[in-house]
1. Evaluate the following for F63: is it surrounded by 13 or more Cβ atoms within 10 Å (Cβ to Cβ), under 17 Å from the mean Cα position of the chain (by Cα) and farther than 18 Å from K6 by Cβ?
2. With respect to S47, determine if the residue is farther than 29 Å from F95 by Cβ, part of a loop (DSSP other than H, G, I, E, B) and of a type in the set (S, T, Y).
3. With the condition being more than 18 Å from K168 (Cβ to Cβ) and out of contact with any Cys (no Cβ under 7 Å at 6 or more places or on another chain), I'd like the strands (runs of 3 or more DSSP E) fully within the range 62-149 carrying at least 1 qualifying residues.
4. State whether the residues of the range 12-27 include one that is in a strand (DSSP E or B), surrounded by 18 or more Cβ atoms within 10 Å (Cβ to Cβ) and not polar (S, T, N, Q).
5. Take the range 73-118 and flag every residue that is among the small types (G, A, S) and more than 19 Å from C154 (Cβ to Cβ).
6. State yes or no: is D49 modelled with pLDDT under 95, within 22 Å of V11 (Cβ to Cβ), among the acidic types (D, E) and surrounded by fewer than 19 Cβ atoms within 10 Å (Cβ to Cβ)?
7. Considering only residues that are of a type in the set (F, W, Y) and either more than 16 Å from the chain's Cα centre (by Cα) or farther than 19 Å from L12 by Cα (or both), which ones fall in the range 108-167?
8. So, of the residues in the range 176-229 that are among the hydrophobic types (A, V, I, L, M, F, W, C), modelled with pLDDT under 85 and surrounded by 16 or more Cβ atoms within 10 Å (Cβ to Cβ), which turns out to be farthest from the chain's Cα centre (by Cα)?
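The values are calculated or read from the model by the stated rules, or taken from the named source; none is laboratory data. Computed from a prediction, not measured in an experiment: that's the story for all the values here. Glycine gets a Cβ as well: all are built from the backbone with ideal geometry, and neighbour counts include every protein chain shown.
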Amino acid sequence: MNPSRKPKIVVLSRKEDTTRRVSISRQMASLGLSCEFYDAITPSQLSSDTSNTAHTPGERCCFLGHYGIIKAFSTSSTDDSLIVLEDDAELSPEFKELIPHLSAALERSDILILGYSKVPPELRQAIQRFRPVKPLYPLDRTHQVSRPYAQWKCGAVAYAVSKSGAEKYTRALEGADIVADDWQFIERQGISVHHVKPLCALENYEILGSNLEADRKTHIVRPLWLRHIAGLVRSALLIFK
């Protein structure tokens, strides 16, 4: 991998979601960045036999989209590293500043999670106290690559992938029946999954909504006091991990 080369940026998006495409395109332009869109499949394009899956059609489409992006990258001869975004990503101002450092970091990590889903902007800093992470090495002057207390389904709104990580992912997850953000399962396949602290992207679910939640309705917002207590317990346990 050539650390001086910038990662390719690919956005997973349904063709008909023009509002989302405009939103992410404007953000890219404001940061002086470019991206490619990867057309997500829709439930109507899935196989009619869904009896052997526990996941909703939307979840299946989401995973297949992420898998398709990473598989295409794994065989690319022109790109060394990849950033995958979902079209409802809300990028922080420092997102662009992080990009030159990602290729070097991806020589030490297979996947770097850059952002979380279902986190309100005012909790962008606090979420990694509720879900504590342990620093591994610096990414730049203000960001660190970290290991979480435990992998959790934090979304797949923004992450970076190394070439070797993409090859492992493609081999291990071909035909897998999982959701796109089952990072615990992915890590169990021998793929290192690390988190960037502080986050540089969030899901803009309050304005753009979610294409998945209408089907699954699993998003639960717990009281802040309970999340603080859970974070303290996890932080204490993380010391010994």
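1. Working: surrounded by 13 or more Cβ atoms within 10 Å (Cβ to Cβ): yes; under 17 Å from the mean Cα position of the chain (by Cα): yes; farther than 18 Å from K6 by Cβ: yes.
Spelling it out, F63 is indeed surrounded by 13 or more Cβ atoms within 10 Å (Cβ to Cβ), under 17 Å from the mean Cα position of the chain (by Cα) and farther than 18 Å from K6 by Cβ.
2. Values: farther than 29 Å from F95 by Cβ: yes; part of a loop (DSSP other than H, G, I, E, B): yes; of a type in the set (S, T, Y): yes.
Here the answer is yes, as S47 does meet what is asked.
3. Details: elements: 81-86, 89-91, 111-116, 133-138, 144-148.
Result: 81-86, 89-91, 133-138, 144-148.
4. Going through the range 12-27, the residues in a strand (DSSP E or B) turn out to be 12-13.
Among the residues that remain, those that are also surrounded by 18 or more Cβ atoms within 10 Å (Cβ to Cβ) are: 12-13.
Restricting the remaining residues to those that are not polar (S, T, N, Q) gives 12.
Yes, because at least one residue in the range 12-27 is in a strand (DSSP E or B), surrounded by 18 or more Cβ atoms within 10 Å (Cβ to Cβ) and not polar (S, T, N, Q).
5. S74, S76, S77, S81, S103, A104, listed by residue number.
6. no
7. Of the residues in the range 108-167, the ones of a type in the set (F, W, Y) are 116, 130, 137, 149, 152, 159.
If the condition is that a residue be of a type in the set (F, W, Y) and either more than 16 Å from the chain's Cα centre (by Cα) or farther than 19 Å from L12 by Cα (or both), then F130, Y137, Y149, W152 are the ones that fit.
8. Going residue by residue through the range 176-229, those that are among the hydrophobic types (A, V, I, L, M, F, W, C) are 176, 178-180, 183, 185-186, 191, 193, 196, 199-202, 207-208, 212, 214, 220-221, 224-226, 229.
Still in the list and also modelled with pLDDT under 85: 207-208, 212, 214, 220-221, 224-226, 229.
Those left that are additionally surrounded by 16 or more Cβ atoms within 10 Å (Cβ to Cβ): 208, 212.
Numbers: L208: 17, L212: 15 Å.
Among residues in the range 176-229 that are among the hydrophobic types (A, V, I, L, M, F, W, C), modelled with pLDDT under 85 and surrounded by 16 or more Cβ atoms within 10 Å (Cβ to Cβ), the one farthest from the chain's Cα centre (by Cα) is L208.
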